[in-house]
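Undergrad: What follows is a structure written as structure tokens; I'll ask about it next.
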Amino acid sequence: MKKIMLLIIASIFIVSNSISAQENAFSQKGSTMALSIVIPDQIDYIPDGAKLYLANKFKQIAVKSGISANENFSRFFITASITPLTKEILGSAPTKIAQNMEITFYIADYFDQKIFASTSLTMRAVGNNETKCYIDAIKNIDVNSKNLAEFIETGKKKIIDYYNAQCDNIVKKSNSLATQKQYEQALYMLSSIPDVSDCYDKSLKVTAEVYQKYIDYLCDINLAKAKMVWAANQNSSGAEDAGEYLANIYPDAKCYKEAQMLYSEIKGKVLDDWKFVMKMYQDQVNLESQRIEAGRQIGIAYGNHQQPTSYNIAWLLR
């Protein structure tokens, strides 16, 4: 919860720059379609030294088609298997290894275990050792390849088709989760909908509504706890404890005015001993944009918290 709240706070104070400055900004301006990068151990061994190169290549390939590939958890992911086909030793001092490799790319649905797109490239690589061979093969992948462009477009279209077809179900499920106070999961589902989907505009309204319910819920909880600790210890120590709860209350929460009254009461008693200031939005940023972005960040944080430590996607090769 603390990590999620830190993300909320961060999003509120930097949201005016977030659209243009986020690491996962996409080449197609405004696009929110993203794929998780998955490099599992279960699919044909890839040396550790080559994995970073492969992840970076995924990002380059995706950006060429106006989407993003990053480490945030999403049900849709991009991955690859690298299969050595032939191997020969070149020279004698020092020797080099030459390998022909088949690199197969996949875009797939992690939850439903469905492959949305795949394509294969054959590369010849040379290196001083096996790891260098893998790196050479990956570095020489042409991100402008027609096969890769068609691969990404096929995967992108199927993801958009999924969200268009499932829009009503996603919104219904999100509202149901919010009713059960499972706000983070609801926001995760809504934040996953890309803006190139027909469902996006509908999801924005629901995102704002769920986010409002979430901050109202947090406001009630934190205000009650602040009152309790202050009533038990009305001095600078109690003020500090109460301040930790009041710090998580924001101006558009329903109980904010009541929280301000408690803040004023505490400040009036402890005076300069209490150096706590309640959080405020930046005036120049549109409040609705803040809600949507903050809600999206909560959803991303929730999704990353659900991210498996190890991806078992051997089903790709069935």
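Undergrad: Largest first and in whole Å, what are the equivalent-ellipsoid semi-axes of segment 89-134 based on the Cα gyration tensor, each being the root of 5 times an eigenvalue?
TA: Calculated on Cα positions only, the semi-axes equal 34, 10, 5 Å.
Undergrad: Residue farthest toward the positive end of the dipole of segment 62-182, with Cβ of Lys/Arg at +1 and Asp/Glu at -1: which of Phe116, Cys133, Thr179?
TA: Of the candidates, Thr179 comes out farthest on the positive side.
Undergrad: Also: Once you have the Cα-Cα distance between Gln212 and Arg124, take 0.36 nm times their residue separation minus that, and quote the gain in nm to one decimal.
TA: 26.2 nm
Undergrad: Could you pull out the pairs from Lys114/Lys181; Lys114/Lys158; Lys64/Lys139; Lys156/Lys202; Lys172/Lys202 whose alpha carbons sit more than 22 Å apart here?
TA: Lys114/Lys181, as the Cα separations exceed 22 Å there.
Undergrad: For segment 203-212, what does the Karplus curve 6.51 cos²θ - 1.76 cosθ + 1.60, with θ = phi - 60°, yield as ³J(HN,Hα) per residue in whole Hz, taken in order and with x for Gly and Pro?
TA: Coupling constants for segment 203-212: 5, 4, 4, 5, 4, 4, 5, 5, 4, 4 Hz.
Undergrad: Can you give the Kirkwood hydrodynamic radius of segment 29-164 from its Cα pairs, in Å with one decimal?
TA: Its Kirkwood hydrodynamic radius stands at 15.6 Å.
Undergrad: In terms of modelled amide H atoms, which long-range or inter-chain residues lie less than 5 Å from the amide H of Leu35?
TA: Ser68, Ala69, Asn70
Undergrad: Filter the trypsin sites (Lys or Arg not before Pro) in segment 143-240 to those in DSSP coil with at most 16 other Cβ atoms within 10 Å of their Cβ, and list the result.
TA: Passing both the DSSP loop test and the Cβ count: Lys181.
Undergrad: If amide H atoms are built 1.01 Å from N in the plane of the peptide, which residues on other chains or at least 5 residues away come under 5 Å of the amide H of Ala117?
TA: Counting only residues 5 or more places away or on other chains, the set is Ile107.
Coordinate-derived values only; no laboratory data. Note that the structure is predicted; figures quoted are calculated from it, not measured. So basically every Cβ, Gly included, is an ideal-geometry build from the backbone, and we count neighbours across all protein chains shown.
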